[in-house]
Structures are given as structure tokens and as C-alpha cells.
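The values are calculated or read from the model by the stated rules, or taken from the named source; none is laboratory data. Just so you know, these numbers come straight off a predicted model, no measurement behind them. A quick note on method: Cβ atoms are made from the backbone with ideal geometry, for glycine too, and the neighbour counts reach across all protein chains shown.
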Amino acid sequence: MHVILLTVGDNVVDRYLDRGVFYPGGNTVNVAVHGRRCGVGTGYIGAVGTDFAGRTVLDALVAEGVDTSLLRVVEGANARADVRVVDGNRVFGHGDVGVSRVRLAPADFGAAAAATLVHTGECSMLEDQLAALAAASPRLSFDFSERPDDYIAEYAPLVDIAFRSLPSASVDDAVEEARRIHALGPRLVAVTMGAGGAVAAQGGQVFHAPAPATVVVDTLGAGDAFIARFLTGVIAAAPLPTLLVDATAYASASCAAYGAFGYETPAEGPTVTLNPIHKGVELS
């Protein structure tokens, strides 16, 4: 399979403490899975642990058809985050990065150069390698989520496509923020507003797409679903208003079920140890 959209960085298991289950996730894993579901070849570079949680993340990626040939399995515990759902909105508690911090190797930069678009984000702990990743990538997408302005000012000039989350913002505030980030260097900026939909800015154009009516069960991963659908629209050269509407609708639909993309797993799973020299599975 040719990797069109390559994601690099974080993975996690989201532990729903009140339900006694967890789900595989993490921004770059979620984008890889949803990108594959949206019809493009995707690959994921990151590190999973040798425990049951790491096995769960790896199995889900393989099941979804994501190329894992550059994934590392590292001795130790997988990254995890505690989650509670309050009135449909995910609320994060304690987390542990586990073995998920990675140092990129020449093969990783080669894969980035061969992809059409590369995505990473603020949870991936790649800030000190971001300039090198940007230099290797034909186009680099970055999720700034809800990071402060000084963080955005430092790293936005390195990326081509920037995503920002302002869950309670008005449309006017989101438009202002999109224009501000656009002025820092990214050629395309999208700002999501939760139930308010999303805006996108490119050149002198700014568009807004309202969120469709949705029965919300769990908002976890909705922003990542938006990013994946948005990026697949960019890859297909869809008109900006069209891909913005499609990405907003796709993200809204993702809120109808628990977890970022499914694979509910009992929190107390069997004892499983992965081989730490395993390098993943390349799918054809």
C-alpha cells in the first residue's frame, strides 16, 4: 500500500474509569485510522509498549489497514490517559506518556518525503524535531489543539496546515484566530468550535461550516476525526468550502459512540508481552 497520509507521534489507550474499559487512540493514531476509513492509504510512525495496551493499539492499526512498518515496539508500558464523560464531553484526568516518545530516524524522514502529506501535533513531543520533519515533508499538518499563543507563534511558521481548537468560541472569534495563525505562515488554517462547527482560512478567503444536529454520546476524538476528513479533502484537492462542510459532518458523526474509533477493550485484559524488536507490519 502506498502511504499518502503519514502520521507521526503519539498514541494512547483512553481508559474510561467509570465504565471499566479502554479504547486505542491518540491524535496521530486517530488521524491515521480515520484517514484510512476516508479512503486514502495511511501510515503511522510511533512507539507502543510491550504490554496489553500496546498490543491493543497495534492490533487496531493493523485491523484498520494502516501501514505500521515503521512502528516501534519498546520495552515498557504503553501511554495511557484516564477519561470521564460528563454530559457527552470527554474530560481527561491522569495520564502517562509511557514509551511513546520517539526519536525519528533516517527511515522515518524518508517515509515523510515519500508521502503526500504528513501530520503530527502538540501531543507528539516532537517539537525539537519538528523543523527536520518539516524539511523532509512535502506538506506538514500540525494540530495545535488548545495550546497557548506563544506555543503557536513558535511552531506555526514551520507548518503548512494548522489546526486549532476553540470549543466555546464564537464564529467571529474563530475567524480572527484563523487569520492570526494564517499570518504566522501556514497556508491553510482550520479552527474547530465544537458544537459551533468550524472555520477555515486560506489566502484571503474564510469559510464557516456549522455543525449538523447530532446526538452526542462522547466527543473524544472528534477533533481528530475532523482533521482526518479535512486532510483527505486537501489531498483530493476538494474546494475548501466543500471539504470544511464534509469534515465538520464527519466529526459530528464520530460523537455518536464511545472512544475515538471503537475497539472497546476490558481495562483488565490478559497479560500479553510483545517482542520489543518487532518493527510492525507492512500491509499491501
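Residues 37, 72: which one is under 17 Å from residue 231 (Cα atoms), basic (Lys, Arg) and at pLDDT 95 or above? Even if it seems obvious, please write down each step before you answer.
Details: 72 fails: under 17 Å from residue 231 (Cα atoms).
Every option except 37 fails the conditions.
Taking the residues in the range 142-182 that are aromatic (Phe, Trp, Tyr) and touching a Leu at 6+ places or on another chain (Cβ under 9 Å) as candidates, determine which candidate is farthest from residue 224 (Cα to Cα). Before the answer, list the steps.
Applying the first criterion (aromatic (Phe, Trp, Tyr)) to the range 142-182 yields 142, 144, 151, 155, 163.
Then drop every residue that is not touching a Leu at 6+ places or on another chain (Cβ under 9 Å), which leaves 142, 155.
On the way: 142: 11, 155: 19 Å.
So, considering only residues that are aromatic (Phe, Trp, Tyr) and touching a Leu at 6+ places or on another chain (Cβ under 9 Å), the one farthest from residue 224 (Cα to Cα) is 155.
Go through the residues of the range 222-241 one by one and say whether even a single one is β-branched (Val, Ile, Thr), over 19 Å from residue 159 (Cβ atoms) and either at pLDDT 95 or above or surrounded by 15 or more Cβ atoms within 10 Å (Cβ to Cβ) (or both). So that I can check it myself, show each step before the final result.
Pass one, the range 222-241, residues β-branched (Val, Ile, Thr): 227, 232, 234-235.
Filter once more, so that each one left must be over 19 Å from residue 159 (Cβ atoms): none.
Checked against the condition, which is being β-branched (Val, Ile, Thr), over 19 Å from residue 159 (Cβ atoms) and either at pLDDT 95 or above or surrounded by 15 or more Cβ atoms within 10 Å (Cβ to Cβ) (or both), the range 222-241 yields no hits at all.
Tell me which of these residue 52 doesn't satisfy, since it passes every other one: (1) touching a residue at least 40 places away in the same chain (Cβ under 8 Å); (2) aromatic (Phe, Trp, Tyr); (3) more than 26 Å from residue 266 (Cα to Cα).
(3)
Is there a residue in the range 6-19 that is among the charged types (D, E, K, R), modelled with pLDDT under 95 and within 18 Å of residue 77 (Cβ to Cβ)?
At the first step, the residues of the range 6-19 found to be among the charged types (D, E, K, R) are 10, 14-15, 18-19.
Checking the rest, the ones that are also modelled with pLDDT under 95 come to 14-15, 18-19.
Imposing the further condition that a residue be within 18 Å of residue 77 (Cβ to Cβ) reduces the set to 14-15.
Within the range 6-19 (the criterion being among the charged types (D, E, K, R), modelled with pLDDT under 95 and within 18 Å of residue 77 (Cβ to Cβ)), the answer is yes, since at least one residue qualifies.
Being closer than 17 Å to residue 225 by Cβ, out of contact with any strand residue (DSSP E or B) (no Cβ under 8 Å at 6 or more places or on another chain) and at pLDDT 95 or above is true for just one of 89, 30. Which residue is that?
On the way: 89 fails: at pLDDT 95 or above.
Answer to the selection: 30.
Please return the ranges of strands (runs of 3 or more DSSP E) entirely within the range 73-176 where 3 or more residues are surrounded by fewer than 18 Cβ atoms within 10 Å (Cβ to Cβ).
Working: elements: 80-86, 89-96, 117-121, 140-143, 161-165.
Fully inside the range 73-176 and qualifying: 80-86, 89-96.
What number of residues within the range 1-51 are part of a helix (DSSP H, G or I) and surrounded by fewer than 22 Cβ atoms within 10 Å (Cβ to Cβ)?
Of the range 1-51, the ones part of a helix (DSSP H, G or I) are 27-37.
Narrowing the set further to residues that are surrounded by fewer than 22 Cβ atoms within 10 Å (Cβ to Cβ) leaves 37.
So the answer is 1.
Looking at the range 211-218, can you tell me whether even one residue there is of a type in the set (Ser, Thr, Tyr) and closer than 23 Å to residue 9 by Cβ?
Filtering the range 211-218 down to residues of a type in the set (Ser, Thr, Tyr) leaves 214.
Keeping just the survivors that are closer than 23 Å to residue 9 by Cβ gives none.
No: the range 211-218 contains no residue that is of a type in the set (Ser, Thr, Tyr) and closer than 23 Å to residue 9 by Cβ.
Scan the range 178-220 residue by residue and report those that are surrounded by fewer than 21 Cβ atoms within 10 Å (Cβ to Cβ), of a type in the set (D, E, K, R) and touching a residue at least 12 places away in the same chain (Cβ under 8 Å).
Matches in the range 178-220: 179, 187.
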